[in-house]
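The block underneath contains the structure these notes are about, expressed in structure tokens.
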Amino acid sequence: MNDRTSESIVILTGAGISKESGLSTFRDADGLWARVRIEDVATPEAFARDPEAVLGFYNARRAKLAGGGIAPNAAHEALARLEADWPGPVLVVTQNIDDLHERAGSRNLIHMHGELLKIRCLACHEIIAWRDDITTATACPHCAETGGLRPHVVWFGEMPLQMEAIAAALDACGLFISIGTSGNVYPAAGFVQQVRGRAHTLELNLEPSEGATLFAESDYGPATGIVPRAVERILSEGW
Ligand code: BJW
């Protein structure tokens, strides 16, 4: 085994890692985009046109996540173990807006598409932890303005969060792992190209993603099986 123990690891996760926890993916046959149109719920234009419909879409998902029946699975737990036991830095960059990585114990974590259990106020720009429904009549708990609260999520056409920190981590990493993402949404789908040639690249997914051929190595199957297996191997043998 090469001594890579001081090298850093960046892990990109997508909806597939939370599927076995009971949360829907987007683009699978039973995914969210089979039930609602992106243009109706996941763009700033949709929110401007019909805020109640957009808030309703996120209220339903927030209620499910906060309701108590959803828990991290073996894949989230394996990534937390990797962060705890790997001697070098481990960063999880998640496209997911659920809180399952932090509940599993991941601490070095970036939510590049925002967080479902936070809202923000367009009037005072405060970001607020929130577990209840919001409507256009809900007053901001910080500035008391009504009509300005929105989910703290990144819609199409909006800039993903903490891109500078992500770029720096990608530039420095020795291993890049992509888990449970279809590779349809940029900039996340381009991360593998950013590190290719410098870092080892590993795709873990139910099936080959859009960018599957860009990865040096891959393993396919349900995340709760393939992610703990990959973590076990990295901790004992490196890559
Ligand atoms: C399992 C499994 C199991 C199932 N185990 N696996 C051309 C080039 C470059 C960019 C663009 C372009 N054209 C347009 C763009 C920009 C656009 C974009 O990418 N569009 C594409 C459609 C082409 N991107 C943006 O707008 C982004 N912003 C941006 O680029 O800013 C720059 C900029 C801004 C302004 C001006 C100029 C530049 C923002 C993207 C925001 C995405 N938002 C969403 C919704 C919000 C959050 C939410 O509601 O949850 O984020 S869309 C949705 O897709 C969500 C997800 O995070 C994201 C990715 O989905 P993910 O995670 O990959 O899920 P799926 O369902 O697609 O895949 C699941 C996978 O899991 C599948 O492969 C399954 O097989 C697998 N799986 N079960 C393991 N048990």
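Taking label points 7 Å from Cα along the Cα-to-Cβ direction, LEU117 and GLU232 give a separation of 3.0 nm. Here the chain carries DSSP beta bridges of which approximately 25% are antiparallel, counting only pairs with both residues inside. Segment 102-167 and segment 48-65 have Cα centres separated by 13 Å. Based on the Cβ-Cβ distance of GLU217 and THR5, what FRET efficiency does E = 1/(1 + (r/R0)^6) give at R0 = 25 Å, to the nearest 0.05? Calculated value: 0.85.
Once the Cβ-Cβ distance between ILE128 and GLU39 is put in as r, and R0 is 25 Å, what FRET efficiency do you end up with, to the nearest 0.05? Step by step, r from the Cβ atoms, then E = 0.35. Estimated at the nearest 10 Å², the accessible area of ARG37 is 140 Å² with a 1.4 Å probe.
A Cβ-based charge dipole, computed about the Cα centre of the chain with Lys and Arg at +1 and Asp and Glu at -1, lands at about 180 debye. Applying 1/(1 + (r/R0)^6) with r as the Cβ-Cβ distance of GLN193 and GLN162 and R0 = 22 angstrom yields a FRET efficiency of 0.70. Anyone know which of THR135, THR213, THR25 comes out most mobile in the 10 Å Cα GNM of the chain? For the chain, modelled as a Gaussian network with Cα springs under 10 Å, the answer is THR213. Express the carbon and sulfur contribution to the solvent-accessible surface of segment 126-217 as a percent, rounded to the nearest whole number, probe 1.4 angstrom. Answer for segment 126-217: carbon and sulfur cover 51 percent of the accessible area. Of ALA42, ALA199, ALA29, the residue with the greatest mean-square motion in the GNM of the chain, using alpha carbon springs below 10 Å, is ALA29. Please work out whether the chain counts as rounded, prolate or oblate from its C-alpha gyration tensor, where a ≥ b ≥ c are the square roots of the eigenvalues and a/c under 1.5 means rounded, while otherwise a/b larger than b/c means prolate and anything else oblate? Because a/c hits 1.5 or more and a/b exceeds b/c, the chain counts as prolate.
The values are calculated or read from the model by the stated rules, or taken from the named source; none is laboratory data. Computed from a predicted structure; not experimentally measured. So basically every Cβ, Gly included, is an ideal-geometry build from the backbone, and we count neighbours across all protein chains shown. The accessibility values were calculated without ligands, DNA or RNA, using every heavy atom of the protein model including side chains. Shrake-Rupley method; radii C 1.70, N 1.55, O 1.52, S 1.80 Å.
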